[in-house]
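The values are calculated or read from the model by the stated rules, or taken from the named source; none is laboratory data. All values derive from a computational prediction rather than experimental measurement. FYI the Cβ positions are ideal-geometry reconstructions off the backbone, even for glycines, and counts take in every protein chain you see.
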Amino acid sequence: MSTDSTASVSTHVLDTSVGRPARGVPVRLAARAGCEDDWRALGGSATDADGRCKDLPEPPEGTTHVRLDFEVERYFEQDPATTAQRAEARQDAPANRDGETFFPEVAVTFAVRPGEHYHVPLLLNPFGYSVYRGS
């Protein structure tokens, strides 16, 4: 949990191409204290069976910006069950070849304030994604 001097961050990833959580997506967290400052890598995790990262590190005091880096290409390459489901769902879309991922990485940068929690879900498919501030 965050204190009054820090923010906390959580995320989860949903694979909208198969309608289920995305398990095993590596996620890294970085922070900086201002727009002109360098990013500081804080660590990372991978999504669990429910598509959630429950153990991301807490940003340090003074953080104003956070970046979540999702390694989605690895997810799309690793899960043969969902790869088969995606291939079946795309039979009418010849431009979408099996295993092809247009966005191999997704970087989401957002501003934070001390004492607040930020839940940032990623809705994902091989050719697009969407993010929002959740609760």
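Observations on the structure shown:
- Residue in segment 61-73 that is in contact with a Pro (Cβ under 6 Å, 6 or more places away or on another chain), more than 13 Å from residue 122 (Cβ to Cβ) and at pLDDT below 95 present: yes
Here is a yes/no grid of residues against (1) among the β-branched types (Val, Ile, Thr); (2) in contact (Cβ under 8 Å) with a residue 40 or more places away in the chain:
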position: 16; (1), (2): yes, yes
position: 22; (1), (2): no, yes
position: 34; (1), (2): no, no
position: 46; (1), (2): no, no
position: 52; (1), (2): no, yes
position: 55; (1), (2): no, no
position: 59; (1), (2): no, yes
position: 69; (1), (2): no, yes
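- Counted residues, segment 32-65 - those being small (Gly, Ala, Ser), surrounded by fewer than 14 Cβ atoms within 10 Å (Cβ to Cβ) and assigned to a loop (DSSP other than H, G, I, E, B): 3
- Residues that are basic (Lys, Arg) and more than 18 Å from residue 132 (Cβ to Cβ) within segment 1-53 comprise 20, 23, 28, 32, 40, listed in sequence order.
- Of the residues making up segment 61-74, just one is over 14 Å from residue 38 (Cα atoms) and more than 16 Å from the chain's Cα centre (by Cα), namely 61.
- Test: residue in segment 116-130 that is without any contact (Cβ under 8 Å) to a residue 60 or more places away in the chain, among the acidic types (Asp, Glu) and over 15 Å from residue 53 (Cα atoms): no
- Tallying residues that are touching a Leu at 6+ places or on another chain (Cβ under 9 Å) and more than 12 Å from residue 6 (Cα to Cα) within segment 53-65 yields 2.
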